[in-house]
Amino acid sequence: MSLAKILVVDDDPAVRNLIQRFLSKQNYQMESAVDGKTAIAVFEQFNPDLVILDVNLPDANGYNLCQEMQSRTGVFVLMLTSRTDEADKITGFSKGADDYITKPFSLSELGVRVAAILKRQRVVTTAEQQRIIFDQLMIDPVRREVTLNNQSVPLTALEFDLLHFLASHPGKVWRRSELIQAVWDYEYVGDQRVVDVHIGQIRKKLETDSGPDKMIRTIRGVGYQFEIPDPTEETHKSQP
């Protein structure tokens, strides 16, 4: 199996070099960039699996750069920031970031998060390969594709994992903390609204009058549930 490729984008040479040295020892292939312009050039040549991206760059907004990179290859993005405001984290996730880490951070924590994100590349087991189909919604865990009415739905890696997990357990109610543990794959410390942000993004992308965005129900005070519509219910509704 080929080694994962990671691009570090940060204008602080101390942070950039520290991350690069640490992750090189974990046997990842590493490249780095000091600003947005260089980052895009290296990104195109290197084709990384994961970008560790600073929010504040001298020539670019990290959120916009995240969106631009993901529109090209669907790359994983771990945002780096010195801000501690939870609202910034919510913004980062809504722009497609897969994770977010606040400076200063420990290298061991960084290592855990990187491994958790890259685990989403793993080959699925035979038991997990079955496609999930509900009416016009199809979720393919092998190709990691979602289609609705035969149209492709562009989900980020984390949005896909969250939708697939919920759809794999129809009817079960999940707390936000349980979803974080199952989908993020580590103990997330911080505002659990990140789950709400991702659910909101999924619903927006699946939105139709009676579409599967309605299948993801908010259970007030608890969390979320993937509910399969009852066809008999629709019949009753249509009757005078």
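The values are calculated or read from the model by the stated rules, or taken from the named source; none is laboratory data. Predicted, not measured: the structure shown is a model, and the values here were computed from it. Cβ coordinates were reconstructed from backbone atoms using ideal geometry, including for glycine residues, and neighbour counts include every protein chain displayed. SASA here: full protein model, heavy atoms, side chains in, ligands and nucleic acids out. Shrake-Rupley method; radii C 1.70, N 1.55, O 1.52, S 1.80 Å.
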query: Roughly speaking, what is the stretch gain from residue 149 to residue 14, that is 0.36 nm per residue apart minus the C-alpha to C-alpha distance, in nm to one decimal?
result: 43.7 nm
- prompt: For segment 1-118, rounded, prolate or oblate, judged on the Cα gyration tensor with a ≥ b ≥ c (square roots of eigenvalues), a/c < 1.5 rounded, else prolate if a/b > b/c?
  reply: rounded
field: Spin-label pair residue 172/residue 228, simplified geometry with 7 Å Cα→Cβ offset, distance in nm
entry: 1.5
message: With only alpha-carbon atoms in the gyration tensor, what are the semi-axes of the equivalent ellipsoid for segment 1-69, in Å, largest first?
response: 19, 14, 9
- prompt: In the full protein assembly as shown, how much of residue 59 is accessible to a 1.4 Å probe, in Å² to the nearest 10?
  reply: 80
Residues of segment 1-108: accessible area per residue with a 1.4 Å probe, Å²: 46
field: Potential extension, residue 68-residue 131 segment - 0.36 nm per residue separation minus Cα distance
entry: 19.7 nm
statement: Surpassing 20 Å at the alpha-carbon level, of the pairs 37/119; 95/205; 37/204; 103/204, are 37/119; 37/204; 103/204
- request: Pop a pseudo-label 7 angstrom from the Cα along the beta-carbon direction at both residue 61 and residue 109 and give the gap in nm to one decimal.
  value: 2.7
